[in-house]
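*Asks:* Take a look at the following structure, please.
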Amino acid sequence: FSLAKTIDEQFSDVENLMEIDQNKEALNLLKTIDPKTDQQIAKQSYLLGKMYFSLQKFQKANEFFMDANLQNPSEPLYKVGIAQSSFALGNLKLAERYANIALRLNPDLLDAELTLALVLSKYGQKKEAEKRFIEFIDLQPSNEELFLTYAKFLEQTENRKKAISTLEKFIIKNTDTPKVHDYLGRLYWFNGEL
């Protein structure tokens with residue numbers, strides 16, 4: 001009887017560490033994982049890409065996302081990673097293409113929607129980008145991730161006040177939303193309201 005964790009459980013541990021900004025620990029754990037299948041190799045590359053992305057090393061992140069996508073082309077998350085890092089590197093066409101491919105594979109990927117909205121905004125179509133979010137919000141008025149994504153879009157398009165008021169309204173109707181509370185606190189702090 002062994003207490004050793006499966007590779008998938010170890011990947012899950014890495015993601016949990018990354019979620020609480022324990023990137024050094026996550027990286028150390030990731031280095032100890034010895035993937036056996038193409039899917040596991042892809043997942044390891046993807047997680048490395050996410051780590052580099054969070055450190056704003058977008059070129060390196062893009063390389064890992066591309067590698068993950070080559071290893072396992074059927075996983076839409078890897079395409080989202082390429083879209084996000086391409087956007088960060090200023091390659092809007094590539095960002096748009098990969099975000100659209102990811103959404104064809106899985107229409108519920110909010111990070112792909114966010115990337116598309118940011119691309120539209122860069123193209124000067126901010127109203128169109130915002131309209132996409134409003135349509136989703138009308139369909140899913142209690143979706144915490146959706147509201148977070150919309151707030152991130154508003155913040156990245158220099159509309160922090162609207163991001164704050166959007167999240168405040170959401171919290172009134174949905175009190176048990178720790179991620180929204182956390183992000184709202186961050187927005188207050190950046191706005192000098194704490």
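The values are calculated or read from the model by the stated rules, or taken from the named source; none is laboratory data. Fair warning: this is a prediction, and the values are worked out from it, not measured in the lab. Here the Cβ is made from the backbone with ideal geometry for all residues, glycine too, and neighbour counts use every protein chain on show. Ligands, DNA and RNA are excluded from the accessible area calculation, which covers all protein heavy atoms including side chains. Shrake-Rupley method; radii C 1.70, N 1.55, O 1.52, S 1.80 Å.
*Asks:* Assuming 0.36 nm per residue, please report the length gained on full extension of the stretch ASP21 to LEU89 beyond their Cα-Cα distance.
*Replies:* 22.2 nm
*Asks:* So what J values fall out for the stretch 32-48 if you push phi through Karplus, 6.51 cos²θ - 1.76 cosθ + 1.60 with θ = phi - 60°, rounded to Hz, Gly and Pro as x?
*Replies:* Residue by residue, the stretch 32-48 yields 7, 7, 10, x, 9, 10, 4, 4, 6, 4, 4, 4, 4, 4, 4, 5, 5 Hz.
*Asks:* How much length is gained on full extension from GLU63 to GLU158, taking 0.36 nm per residue of separation minus their Cα-Cα distance?
*Replies:* So the chain would gain 31.3 nm between GLU63 and GLU158.
*Asks:* Which three numbers, in whole Å and largest first, are the semi-axes of the equivalent ellipsoid of the stretch 135-186 derived from its Cα gyration tensor as √(5λ)?
*Replies:* 16, 13, 9
*Asks:* Pulled fully out, how much extra length does the chain show between ASN28 and TYR123, if you take 0.36 nm times their separation in residues and subtract their Cα-Cα distance?
*Replies:* So the extension gain works out to 30.2 nm.
*Asks:* Going down the list LYS5/LYS60; LYS24/LYS169; LYS131/LYS173; LYS50/LYS179; LYS79/LYS126; LYS43/LYS169, which pairs span over 27 Å between their C-alpha atoms?
*Replies:* Going by Cα-Cα distance, LYS5/LYS60; LYS24/LYS169; LYS43/LYS169 fall outside the 27 Å limit.
*Asks:* What's the local net charge at ALA88, with K and R +1, D and E -1, over the other residues with C-beta under 12 Å away?
*Replies:* +3
*Asks:* Pick from LEU109, LEU146, LEU70: which is most flexible by mean-square fluctuation in a GNM of the chain where alpha carbon atoms under 10 Å apart are linked?
*Replies:* Largest GNM mean-square fluctuation: LEU70.
*Asks:* Within the accessible area of the stretch 59-191, what % is carbon and sulfur when the probe is 1.4 Å and the other protein chains stay in place?
*Replies:* Carbon and sulfur atoms account for 52 percent of the accessible area of the stretch 59-191.
*Asks:* Same structure, new question: Just how much of LYS60 is accessible, in Å², when a 1.4 Å probe is used and the result is rounded to the nearest 10?
*Replies:* Approximately 90 Å² of LYS60 is accessible to the 1.4 Å probe.
*Asks:* With a 1.4 Å probe and all protein chains left in place, how much accessible area per residue does the stretch 38-115 have, in Å²?
*Replies:* Counting only protein heavy atoms, the per-residue value for the stretch 38-115 is 48 Å².
*Asks:* Moving on to the next point. Of SER142, SER12, SER85, SER121, which has the most accessible area with a 1.4 Å probe, and how do the rest follow in descending order?
*Replies:* Reading off the accessible areas and sorting them downward yields SER142, SER12, SER121, SER85.
*Asks:* Restricting to DSSP H runs of at least four residues, report the calculated mean residue ellipticity at 222 nm for the chain, -39500 (n - 2.57) per run over all residues, nearest 500 deg cm²/dmol.
*Replies:* -24500 deg cm²/dmol
*Asks:* Can you match Rg and Dmax of the Cα atoms in Å to one of these, (1) 17.7, 60; (2) 16.9, 49; (3) 15.6, 50, based on a calculation from the structure here?
*Replies:* After the calculation, the listed value that fits is (1).
*Asks:* Any chance you could give the angle, 0 to 90 degrees and rounded to 10, that helix 76-88 forms with the longest Cα principal axis of the chain?
*Replies:* 60 degrees
*Asks:* Then there is this: Considering only C-alpha atoms, what is the centroid distance from the stretch 155-183 to the stretch 1-42, in Å?
*Replies:* Rounded to whole Å, the Cα centres lie 31 Å apart.
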